[in-house]
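Just so you know, all these numbers are worked out from the coordinates, no wet-lab data involved. Predicted model, so just to flag it, every value in this text is computed and none were measured. Reconstructed Cβ throughout: ideal geometry from the backbone, glycine too, with neighbour counts over all protein chains shown.
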Ligand code: 4LM
């Protein structure tokens, strides 16, 4: 792949600074210990938050060497900060990538990546179901600059094959897809994309690396909204990109430094790293509560369909079993009573919160037709696999019986 020259201005190498590798390989051990050595920090178990925008050089010579990449070290916090580096080392390790770049939001991750590499005449081939703002960036944003966006049903490999061409620079999808929980075969899509010379970006926000590691199935880049499960406490907006070191550095030195400025704050980097310490146990609880809830919901007379990859009735259940280690905390379901039932369900919730976003301790419920996708026409919603009675639940960490009781009583109001 040819890269533009913009990042040749700076060759800063801050992320090559030495890191004591952890000899323990367990997921949670790495989530807790990777990237921070207490004994380099006065024995402090929690990493310091470096609240500085700039860094002093001992001499002009040192400053020159830093800018030329001849000496590793920090220069300015739009290009890196030690608290950010600590988080990036954890994220790279957990996803199994060479390097990670933590940024200001999930959208910051997606836009910085695409702005770095896409050029007029390129095509991005994307799955038909995408988070709304990703869809908006593709169709209203980057497409204004000569990049063509083509959508396909990524459950249909033949359709992907037909729509790939020598112009396809990126293939982009989420799995499970937001909001309708379609599961995409990562290996199959990567094989087809690579045959055509395209690079694959997987948005792994719904799963986190605890449940699914797309790089192991052949993906080239992972993007995350760290806002969600990886932080886990609803107190941060942040994002990340994971991939090969050389490309991650290019995204830093162009997509972030010059094109978006989507820099994560050191405090937010600290909070996400703190959240990672409990990621495994949180995801276990989210998954088991969601599985129990999904099984109960199938029985309810107001519900026509429950989309949870752990249910044998899910169309891609077997695929989900192959590429996910558990089925996660997200459920989508369809109410027989359509839009009106969706509103009734939402308004009768007592414990669960009516809110967008996902992955928090609180159970969050949203109705795409009246919230995130209200600006689409009903026809557009259908095209993107979002019906009027579709409701999404991010199953929280409350006592599972209480979650089930609240959802069940709200459903009792929907037998229209
Ligand atoms: C939501 N989602 O669904 P930031 N990728 C995926 C997402 O779900 C999101 C982003 C990226 C929701 C937000 C309101 C799969 C966001 C974007 O919000 O920019 O961190 O992530 O409710």
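Here are the numbers:
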| item | result |
| --- | --- |
| The stretch 201-285: radius of gyration and largest Cα-Cα distance (Dmax), Å | 13.3, 40 |
| The stretch 172-203-the stretch 39-117 distance, computed between alpha-carbon centres (Å) | 29 Å |
| Segments 291-302, 89-100 sorted - mean Cβ within 10 Å per residue, highest first | 89-100, 291-302 |
| Most to least packed among 156-163, 129-136, 104-111 [average Cβ atoms within 10 Å] | 104-111, 129-136, 156-163 |
| Among 276-286, 214-224, 173-183, the order from most to least packed when residues are scored by Cβ within 10 Å on average | 173-183, 214-224, 276-286 |
| q = 0.08, 0.12 Å⁻¹: log10 I(q)/I(0) that the Debye formula gives for the chain, counting C-alpha atoms only | -0.44, -0.96 |
| Relative exposure of 259, 330, judged by other C-beta atoms within 10 Å (fewest first) | 259, 330 |
| The chain - share of DSSP beta bridges that are antiparallel (%, nearest 5) | 55 percent |
| Degrees separating the helix 82-95 axis from the principal Cα axis of the chain, which is the longest one | 50 degrees |
| Stokes-Einstein diffusion coefficient of the stretch 249-385, Kirkwood radius over Cα pairs, 37 °C, 0.692 mPa s, in µm²/s | 184 µm²/s |
| Within a Gaussian network of the chain (alpha carbon springs, distance under 10 Å), most fluctuating of 392, 322, 169 | 322 |
| Separation between Cα centres of the stretch 331-400 and the stretch 273-308, rounded to whole Å | 15 Å |
| Helix-only [θ]222 nm of the chain, DSSP H runs n ≥ 4, -39500 (n - 2.57) each, per residue, nearest 500 | -9500 deg cm²/dmol |
